[in-house]
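Visitor: Pasting in a structure now, in structure tokens, and then I'll have a few things to ask.
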Amino acid sequence: MKIGILGGTFDPPHLGHLIAATQIKERMAFDAMWLMPVASHAFEKTLSPAHHRLEMTRLVEREGILASDFEIQLGGISSTYHTMKYLREQHPDDIFYFCMGSDLLKDFHKWNDWQALVEENNIVIYPRGCDIEDLHQIVTQVMGSKRISRVTVIHGSDVIVTNISSTLIKKAIMEGASIEFIVPQKVISYITKHSLYL
């Protein structure tokens, strides 16, 4: 199978994740997209407990878009390079694509083994926020023209782009603002039940 890996904190998962995952799956003709919460953040970002983030991610599953506990089971600080390596080793009959938002490019050079990640894996980059006009050029500058033979950039005027983020959602919750139109109702109910982000 061809499987896209969309990693992240998913703290909480939101409609931006589903919009990106759905468009990537359709445009790349993937058999499945795996939404993969990290175990802990590489840049020491404070996260909600992994079991909460995984359960919320399971609540947003759709046909062909599934939650994966792969990185949580690996434990420790998440390293995308090693995650992709272990995926290939454990699922040799599947083809994996690491999918990332363009907003991550600004710090991409700080990732462990980022050069090897690009050289050894299929990568899909989708636009996030407003930095999409020259996305091909930005990707080439960040990753290097000799490394991007396996990189696909999702682009086009028909691409739905959002700036929804977990940070904005948590801020809205703390301020008592509505998140009704950016977070699935099942996730909102879970957040309320477990008193998250207050």
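Since every read-out is calculated from the coordinates, none of them should be taken as a lab result. Source: prediction; values computed, not measured. Methodologically, a virtual Cβ is constructed for each residue, glycine included, from the backbone with ideal geometry; neighbour enumeration extends over all protein chains shown.
Visitor: Over the residues of the chain, compute the C-alpha Rg and express it relative to 2.2 N^0.38 Å.
Guide: Numbers: Rg = 16.3 Å, N = 198, 2.2 N^0.38 = 16.4 Å.
In units of the globular-protein estimate, the chain measures up at 0.99.
Visitor: Taking springs between alpha-carbon atoms closer than 10 angstrom, which of 179, 24, 65 fluctuates most in the Gaussian network model of the chain?
Guide: 179
Visitor: Only counting other Cβ atoms within 10 Å, I'd like 1, 28 sorted with the fewest neighbours first.
Guide: Working: 1 10, 28 17.
Lowest count first: 1, 28.
Visitor: Once the convex hull of the C-alpha atoms of the range 109-198 is built, how many Å³ does it hold per residue, rounded to a whole number? Mind dumping the intermediate values first?
Guide: On the way: hull volume 13.9 nm³, N = 90.
About 154 Å³ per residue, rounded to a whole number.
Visitor: A follow-up question, please. Which residue, 104, 18, 47, has the most motion in a Gaussian network model of the chain that connects Cα atoms within less than 10 Å?
Guide: 104
Visitor: Among residues other than residue 49 whose Cβ falls under 12 Å from its Cβ, what is the net charge (Lys/Arg +1, Asp/Glu -1)? Spell out each step's value before the answer.
Guide: Numbers: positive: 53; negative: 11, 55.
That works out to -1.
Visitor: Another question about this same structure. Please give the calculated 222 nm ellipticity per residue for the chain, where each DSSP H segment of at least 4 residues contributes -39500 (n - 2.57) and the sum is spread over every residue; nearest 500 deg cm²/dmol? If you can, show how the numbers build up before the last one.
Guide: On the way: 8 runs with 74 residues, N = 198.
Theoretical 222 nm ellipticity from helices: -10500 deg cm²/dmol.
Visitor: Have a look at the DSSP beta bridges in the chain and tell me what percent are antiparallel, nearest 5.
Guide: Working: 1 of 24 bridges.
The antiparallel proportion sits near 5 percent.
Visitor: Mind checking which of 134, 158, 93 has the largest fluctuation in a GNM of the chain, springs on alpha carbons under 10 Å?
Guide: 158
Visitor: Ok, one more. Taking the number of other C-beta atoms within 10 Å as the exposure measure, put 189, 79 in order starting with the fewest. Intermediate results must be reported in sequence, preceding the final value.
Guide: Values: 189 11, 79 18.
The most exposed by this proxy come first: 189, 79.
Visitor: Roughly how many whole Å is it from the C-alpha centroid of the range 88-119 to that of the range 22-66?
Guide: 15
Visitor: For the range 18-98, what does the alpha-carbon gyration tensor say about shape, rounded, prolate or oblate, given a ≥ b ≥ c as the root eigenvalues, a/c under 1.5 as rounded, and a/b over b/c as prolate? Numbers along the way, then the final one.
Guide: Details: a/c = 1.92, a/b = 1.24, b/c = 1.55.
Cα axes put the range 18-98 in the oblate bin.
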